[in-house]
Every structure is written in C-alpha cells, then in structure tokens.
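Report on one structure; see the data block that follows.
We did not get these values from a lab; they are worked out from the coordinates using the rules stated. Quick caveat, the model's predicted, so the values are computed rather than measured. Backbone-built Cβ (ideal geometry, glycine too); neighbour counts: all protein chains shown.
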Amino acid sequence: MLVKRIFNNNVLLAENSEQELVIVGRGVGFKQKIGNTVDSSKIEKNLLSAR
C-alpha cells in the first residue's frame with residue numbers, strides 16, 4: 001500500500017491495487033511521506049474510500 005495523503009499521525013489515505021483505503025492506526029502516519037509504503041503492523045482498521 002502506498003501513501004496518497006496524510007491526515008494526521010493516526011489516519012492516512014492509501015492506494016492498494018486501484019482501491020483507495022483510509023488507514024487508521026496508532027502512529028501509522030508518523031514520519032510518513034507521500035509515496036512511502038504503509039507498515040502493516042501498525043494498521044488497526046481499513047475503511048474503503050468512495051471515489
């Protein structure tokens with residue numbers, strides 16, 4: 001999963017094989033930049049984003 005947008009340290013918008021997901025997890029967005037891969041061990045919840 002690649003980071004598309006950073007909302008805060010706990011919420012990201014990521015893209016996974018043509019799907020956009022809102023990723024929620026403690027510290028999942030900390031020190032992230034757009035284009036980085038998401039650490040799957042920090043993911044607590046995936047929410048499908050509407051396009």
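Descriptive notes on the structure:
- Some residue of region 11-26 being buried (at least 17 other Cβ atoms within 10 Å of the Cβ) and either in contact with a helix residue (DSSP H, G or I) (Cβ under 8 Å, 6 or more places away or on another chain) or part of a loop (DSSP other than H, G, I, E, B) (or both): yes
- Residues being in contact with a Ser or Thr (Cβ under 9 Å, 6 or more places away or on another chain) and among the aliphatic types (A, V, I, L, M) - total across region 15-48: 2
- Among the residues listed as Asn9, Asn36, the single one being touching a Phe, Trp or Tyr at 6+ places or on another chain (Cβ under 6 Å) and at negative phi: Asn9
- Of all residues making up region 27-51, the number that are basic (Lys, Arg) and assigned to a strand (DSSP E or B): 1
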